[in-house]
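Chemist: Sharing a structure here in structure tokens format.
The values are calculated or read from the model by the stated rules, or taken from the named source; none is laboratory data. Note that the coordinates shown come from a computational prediction; the quantities given were computed from them, not determined experimentally. Reconstructed Cβ throughout: ideal geometry from the backbone, glycine too, with neighbour counts over all protein chains shown. Areas reflect the complete protein model, heavy atoms only, side chains present, ligands, DNA and RNA absent. Shrake-Rupley method; radii C 1.70, N 1.55, O 1.52, S 1.80 Å.
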Amino acid sequence: EATVSRVTKSERIVGYVTVARDIGDRRRGTRATRAMAQVGRDLLAPLDIGLAADRIVTAVVEVFQGRRAVLYEIDAASLVCVAAAGAGDARSWVGWRLPSGAGIAWRALAEDRTVTSAETPESALPVGADPRLVEEETESTVALPLRARGQLLGVLVLGGGAHRVFGEA
């Protein structure tokens, strides 16, 4: 954003002053606020779990400018993808079961804390591992366990691509 003002002396224009401001942070803040407000409205509306999950992963990708977000739900002894948004055919992830103990999502669940790929050594994936697991393990990723009323419900995973590094903050 830039503004231009005239500089006058004795009612005669003697120059111009330009002030430029970087409003990128303000735009990102506005975008994040809108996305979170929409998620809030969705959660207060009549509850459609599938729609709420879709909107949450979509908002996470937008707000954090990630490549893909995946929401896993604990289902018996496995994690099943209930919503995905972002690059590629994110819908193909829905219904996919993450093998027990595999990937950053399971580590976040086991340790009950946020885990980043920056602190996770590359895992030895089995030969012929599902391409989705290979992709999740090779891009910069952050995984957050999800709780409600003290009970672990699932994990939210955000992938940022190889160019991005997620840290503790």
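Chemist: Would you please name the residue that is most open to solvent (accessible area, probe 1.4 Å), looking only at residues in the range 107-122 that are part of a helix (DSSP H, G or I) and touching a Leu at 6+ places or on another chain (Cβ under 7 Å)? Explain how you work it out, then say what you get.
Modeler: Keep residues of the range 107-122 that are part of a helix (DSSP H, G or I), which gives 107-111, 117-119.
Still in the running and touching a Leu at 6+ places or on another chain (Cβ under 7 Å): 108-109.
Values: 108: 0, 109: 24 Å².
If we take residues in the range 107-122 being part of a helix (DSSP H, G or I) and touching a Leu at 6+ places or on another chain (Cβ under 7 Å), then 109 is most open to solvent (accessible area, probe 1.4 Å).
Chemist: Which one of these does residue 60 not meet: (1) at positive phi; (2) in contact with a Gly (Cβ under 8 Å, 6 or more places away or on another chain)?
Modeler: (1)
Chemist: With open to solvent by 20 Å² or more (accessible area, probe 1.4 Å), modelled with pLDDT of 80 or more, under 25 Å from residue 164 (Cα atoms) and not in a strand (DSSP E or B) as the only criterion, which of 100, 92 stands out?
Modeler: On the way: 100 fails: under 25 Å from residue 164 (Cα atoms).
Step by step, each of 100, 92 is checked, and only 92 is open to solvent by 20 Å² or more (accessible area, probe 1.4 Å), modelled with pLDDT of 80 or more, under 25 Å from residue 164 (Cα atoms) and not in a strand (DSSP E or B).
Chemist: If you don't mind, there's one more thing I want to ask. Would you check if residue 34 is in a helix (DSSP H, G or I) and open to solvent by 30 Å² or more (accessible area, probe 1.4 Å)? Spell out the reasoning first.
Modeler: Numbers: in a helix (DSSP H, G or I): yes; open to solvent by 30 Å² or more (accessible area, probe 1.4 Å): yes.
Judged against the criteria, residue 34 is a match.
Chemist: Can you report the number of residues in the range 1-12 which are of a type in the set (A, V, I, L, M) and open to solvent by less than 80 Å² (accessible area, probe 1.4 Å)? Write out each step before concluding.
Modeler: Step one: list which residues in the range 1-12 are of a type in the set (A, V, I, L, M), which gives 2, 4, 7.
With the extra rule that they be open to solvent by less than 80 Å² (accessible area, probe 1.4 Å), the set shrinks to 2, 7.
Within the range 1-12, residues that are of a type in the set (A, V, I, L, M) and open to solvent by less than 80 Å² (accessible area, probe 1.4 Å) number 2.
Chemist: Residues 25, 75: which one is open to solvent by less than 80 Å² (accessible area, probe 1.4 Å) and among the acidic types (Asp, Glu)?
Modeler: Working: 25 fails: open to solvent by less than 80 Å² (accessible area, probe 1.4 Å).
It is 75.
Chemist: Another question, if that's okay. Please enumerate the residues belonging to the range 53-97 that are in contact with a helix residue (DSSP H, G or I) (Cβ under 7 Å, 6 or more places away or on another chain), in contact (Cβ under 8 Å) with a residue 60 or more places away in the chain and not β-branched (Val, Ile, Thr).
Modeler: 66, 68, 69, 71, 72, 79, 86
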